[in-house]
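Read the structure below first, then the notes.
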Amino acid sequence: MVGKSFRIGLKTGLGQRKLVLLYYLASLLAALPVTLAFSQAMGSFLGRSLIARDLGGHFNMDFFFEYLFFGKNGLATLPFLWLLAALVYLLGLLLLSGGLFAQFYQDRPYQAQRFWADAFHHWGRMVRLGLLSVPVLLLLLAIQFLEVGLQRLIFGKQPYEYIAYWGRVVQMVLAYAGIWIFSLIFDFARWDLVANQQNKTRYSLMAGIRFVFSQFSAAGSLYALFLLTSGLLTLVYILISGLLGANAVPAIFLLILIQQIYMWLRAGLRVGLLAGERELLRQLGSN
Amino acid sequence: MKHIPSIWSLLFMLWLFSMGFSAQPIFPKPLSPRIANYTIDVRYLPELKMLNGKEVLIWHNTSKEAIGELQFHLYLNAFRNNRTTFMKESGGVHRGFKIDEKKGWGFIEIWRMVWVRQPEDVYSILSMVTEKSPGVTDLSDRMEFIQPDDGNPEDKTVLRVQLPKPLAPGDSIVLRIDFVARLPQPPFARTGAWKEYVFAGQWFPKIGVYTAKGWNCHQFHYNSEFFADFGVYDVFITVPADYVVGATGLEYDVQQTPEGQARHYFHAEDVHDFAWTASPEFVEFKDRTQDVDIRLLMQPDHVDQAERHMRAAKAAVEHFQNWYGDYPFPNLTVVDPRRGARGSGGMEYPTLITAGTAYGMPQGLRFVEAVIIHEFGHQFWYHLLASNEFEESWLDEGINSYTEAQIMHDLYGPEGDMIDFLGLKINDIQFQRSRYISFADLDPVVRPAWLYYSGTSYGVNSYSRPAVLLTTLQNYLGWNTMLKVMQTYVSRYRFTHPTSQDFIKVASEVSGQDLSWFFDQALFSTRTLDYSASYLISKKVKKPQGYDFTLFVKQTLKEAGLDTGRIATYKQIVPEDWSEDTTLYYSEARIRRKGQFRFPVDVQLVFSNGDTLRDHWDGQDPWKKYVFIRPDRLLEVQVDPEQKILLDRNWTNNSLTLRPYPRGILKQTFRFLFATQFLLDQPEWLGLTRLLLFSF
Ligand SMILES: [Zn+2]
């Protein structure tokens, strides 16, 4: 059941090119303003210097420190633009999800007008659902602090560093588990939202929580499979990009291409996960 | 009037030199003027974190004056309350560690000081009941706190004792000093105790240095280290029997006391300080390299890094002995501070240093290695060459930061000698330079430690800027000459108190050139150095119009009226087969000295046919101009192409190219884009940075 959902999800993710494109563009467009500001600032600091040529190869730490100090005025707006990018991306994803969830739920092919109509139709509710689920996220993130309490109970206030170290590893695993469980809850809450045209988003949130905990092994396994795939993809990216360090125009263009292909595939996995979840819902007969 | 020592004082001196030596001597002949000699019997009270000590100080007046008073450092009083000079200056925070304001305070109290006029042997003096002994003058009533640096009446870190009768030149004084001290908890500013661990530094009443200008005995400041005279130390440390003890010098003996404790006897010669540490938790490792025994005292949670510590310690010993000179002491102890007691880490005492690490520290983060190499370096730059850290901190910390960077580079270079982790590579000297460029012009390097603009400025001018300026000097003189400078400085001034002028003298003498122009700017001014390439054009020379064109090109440019003064330099190459059909380019490049610091520099000019011209500019004028009329274009100009002048704060502006090279900007832009996309998509990856934070 999970295997089949994974396969179908993966196939859909790679097949629905227009949806993938939309998700890919969302991250690209959100990241663009801050990137342009950075590029502009760095370009004006570098000017026609030889460093501008050398940076086509490895990054130069002397330059980095000089830039941090002498170019700090140009960098001042970056944190703000980053926050803006995150906000735009978040709202963008919520917008897209209205269209996508509706399309997948009704087993329709992509059709632009319909997609955007659904997207805007559900947008407000999606945002509300998002805000409403923040406490759930915080609660799940707080699970990691159980480890802190337990550690203090068993080992006291200042245990040996290896205990503290591995304790923090456990904390981190718990934090990640919290984030992943939250993603699942949020996904299945959204399935409920589009399925029932739910206006009371808290009911969807409850439905999402109920579903994830009642079908934890299936939903969790599916999510883990996609996580694993994403990890493998990242590993492959790291291996390939490591080969493209040369300071030569073809290598640079190839690197840029590989980076964007990676982001495209990431978008594909995102769409694929949702398709897989849809398939899982179908198989569990709760469509 | 010249003082002639009496026969009695000569006999007395003879006796004094004999009485310190009940222990087997380490060195057949004294290596230093043994001016300040201590025998201390100290008992550690683990529950109270207190020290109960009896000290016999034998001090020689080697000056040409009769001395009417003595001055002592009582360093632990810096932590007495929040109104001491140290606490006011530091705000209670030292190197990121905060003093525990509830119960962390420390102090030292001398409850009796007597002058032993008719000394017997040291051990009888230690055991005598002072108030009943004959030939003893009680000085306790004559003690008073003074504040020579800032007049802060709440500061009790300097004690003055008026002598009832001045101490004649060549005479010696024997004092018995009884004291109690409480150590800061947890350790703060290098010293203290925490749980079962104790690190005692700056823990006993310590006499100042009598110089040609009188007593040099500064208060304990936030931004300052120490200054002391050499001597012999015999120290008996009584701690619980299960404690492992490490200390300056060699352990000669350990005896069980009737109370079931252990009394450890350490003996050190020709050192100017003494520190010790004890803990029942220490795990001991031993090894040897060259003629030095190395002993590691590791915390149980760091034993997996013992190998790392040992390798670094051996490398430090070997590099220093191979490069700079003999380490005369037979041993070195490296102490790993306890968790929660890192305030005692990263510090140096004669033959005893403290490091500091964290469980899980990745191999590529070589902070442990750097700190061990650094602290061992102090065995040379402070313990052999006992400069005044209060007044010229760079002589210790600065030279030491320079040698640390050189050794790190030799061991782990050429790239990423300090950090080589997840693709990030940073060299030690790059770190130093990054700090230097940000705070280059607030203070001169040489200045009393507590008078800098800020703690950061003290740090930059005592550590980073000297490392950068000495590396610049090394590139200027060449490695071999610089090495000879360092070796001569070590061999000439070991076991003395060298000054900045001594270093400058050696550098000039060994290099065979007067280097005062360099040191005046580098050490005694706030001048900054920044060369830049400011202008570059290359354009076609117009088709001949008007009068006799050939004449113009074949003339020297000076004759053509283009020379605007002595500042400009023109070079032109007109090929033999030049004809009116040859396309010629007029190229002009200008370079500037933007800072006030003048330093000779190489300039490189590259032409489109591959020709490369090198020029050497003395950097005296504010700018220099290059003009060429050649059949090829001038493509790039670069000041200091080998980046030899680390003092140049901005290397990015050192070059100009005719055409822009967008590919570097393109690559970094897309890397930035990718990183942003990636983190937008998977912000949870940021959580992984917590793994790294474990190390700190
Ligand atoms: Zn140091």
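Of the residues making up the stretch B:637-674, those that are surrounded by fewer than 15 Cβ atoms within 10 Å (Cβ to Cβ) and more than 9 Å from every other protein chain (Cβ to nearest Cβ) number 1. For the stretch A:224-260, which residues satisfy the criterion of being exposed (fewer than 15 other Cβ atoms within 10 Å of the Cβ) and within 16 Å of the chain's Cα centre (by Cα)? Once the filter is applied, which keeps residues that are exposed (fewer than 15 other Cβ atoms within 10 Å of the Cβ) and within 16 Å of the chain's Cα centre (by Cα), the stretch A:224-260 yields A:224, A:228, A:231, A:232.
Just to be sure before I move on: is residue A:46 open to solvent by 30 Å² or more (accessible area, probe 1.4 Å) and either more than 7 Å from chain B (Cβ to nearest Cβ) or among the hydrophobic types (A, V, I, L, M, F, W, C) (or both) in the structure I sent?
On the way: open to solvent by 30 Å² or more (accessible area, probe 1.4 Å): no; either more than 7 Å from chain B (Cβ to nearest Cβ) or among the hydrophobic types (A, V, I, L, M, F, W, C) (or both): yes.
Answer is no for this residue.
Within the stretch B:484-511, being under 18 Å from the mean Cα position of the chain (by Cα) and hydrophobic (A, V, I, L, M, F, W, C) holds for B:485, B:486, B:490, B:495, B:503, B:504. Scanning the stretch B:153-188 for residues that are aromatic (Phe, Trp, Tyr) and either more than 20 Å from residue B:69 (Cβ to Cβ) or surrounded by fewer than 21 Cβ atoms within 10 Å (Cβ to Cβ) (or both) yields one hit, B:188.
Looking only at the stretch B:380-390, residues that are part of a helix (DSSP H, G or I) and within 11 Å of the ligand (Cβ to nearest atom) come to 2 in all.
May I ask you to list the residues in the stretch B:464-484 that are farther than 15 Å from residue B:444 by Cβ and within 14 Å of the ligand (Cβ to nearest atom)? Spell out the reasoning first.
Residues of the stretch B:464-484 farther than 15 Å from residue B:444 by Cβ: B:467, B:470-484.
Result: B:467, single match.
Taking strands (runs of 3 or more DSSP E) as the structural unit, those lying wholly within the stretch B:269-329 and holding at least 1 residues that are open to solvent by 50 Å² or more (accessible area, probe 1.4 Å) and among the acidic types (Asp, Glu) correspond to B:283-289, B:292-298.
Taken over the stretch B:433-446, the criterion of being within 10 Å of chain A (Cβ to nearest Cβ) and within 16 Å of the ligand (Cβ to nearest atom) is satisfied by B:435 alone. Between B:681, B:615, the distinction of being surrounded by fewer than 19 Cβ atoms within 10 Å (Cβ to Cβ) and either closer than 18 Å to residue B:536 by Cβ or at the interface with chain A (Cβ under 8 Å from one of its Cβ atoms) (or both) belongs to B:615 only. The set of residues in the stretch A:145-199 that are more than 8 Å from chain B (Cβ to nearest Cβ) and aromatic (Phe, Trp, Tyr) comprises A:145, A:155, A:166, A:180, A:182, A:186, A:188, A:191.
The rows are residues; the columns are (1) within 16 Å of the ligand (Cβ to nearest atom); (2) away from chain A (no Cβ under 12 Å); (3) open to solvent by 20 Å² or more (accessible area, probe 1.4 Å).
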| position | (1), (2), (3) |
| --- | --- |
| B:394 | yes, yes, no |
| B:398 | yes, yes, no |
| B:401 | yes, yes, no |
| B:415 | no, no, yes |
| B:428 | yes, no, no |
| B:431 | yes, no, yes |
| B:448 | no, yes, yes |
| B:453 | no, yes, yes |
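Pairs linking a residue in the stretch B:480-494 that is on the phi < 0 side of the Ramachandran plot and buried (at least 21 other Cβ atoms within 10 Å of the Cβ) to a residue that is at pLDDT 95 or above and of a type in the set (D, E, K, R), with Cβ atoms under 8 Å and 6 or more positions apart or on different chains, are B:489/B:502. Figure legend. Inter-residue proximity from the stretch B:601-614: first residues touching a residue at least 24 places away in the same chain (Cβ under 8 Å) and more than 15 Å from residue B:591 (Cα to Cα), second residues open to solvent by less than 50 Å² (accessible area, probe 1.4 Å) and outside any strand (DSSP E or B), beta-carbon distance below 7 Å, spacing 6+ or different chains. Indicated pairs: B:607/B:632; B:608/B:632. Just to verify a result, which residue in the stretch B:338-359, among those that are hydrophobic (A, V, I, L, M, F, W, C) and more than 16 Å from the ligand (Cβ to nearest atom), is farthest from the other protein chains (Cβ to nearest Cβ)? Per the stated criteria, the residue is B:341. For residue B:457, the criteria (1) away from the ligand (no atom under 15 Å from the Cβ); (2) out of contact with any helix residue (DSSP H, G or I) (no Cβ under 7 Å at 6 or more places or on another chain); (3) over 21 Å from residue A:67 (Cα atoms) hold in every case but one, which is (3).
Would it be correct to say that residue B:256 is open to solvent by 10 Å² or more (accessible area, probe 1.4 Å) and away from the ligand (no atom under 16 Å from the Cβ)? It is true that residue B:256 is open to solvent by 10 Å² or more (accessible area, probe 1.4 Å) and away from the ligand (no atom under 16 Å from the Cβ).
Considering only the stretch B:360-372, state which residues are within 12 Å of the ligand (Cβ to nearest atom) and within 12 Å of another protein chain (Cβ to nearest Cβ). Give the derivation first.
Step one: list which residues in the stretch B:360-372 are within 12 Å of the ligand (Cβ to nearest atom), which gives B:370-372.
Hits for the stretch B:360-372: nothing passes.
The values are calculated or read from the model by the stated rules, or taken from the named source; none is laboratory data. Nothing here was measured: the structure is a model prediction, and the numbers come from that model. As a convention, Cβ positions derive from the backbone with ideal geometry for all residues, glycine included, and neighbour counts pool all protein chains shown. Heads up: the accessible areas ignore ligands, DNA and RNA and are worked out on the full protein's heavy atoms, side chains in. Shrake-Rupley method; radii C 1.70, N 1.55, O 1.52, S 1.80 Å.
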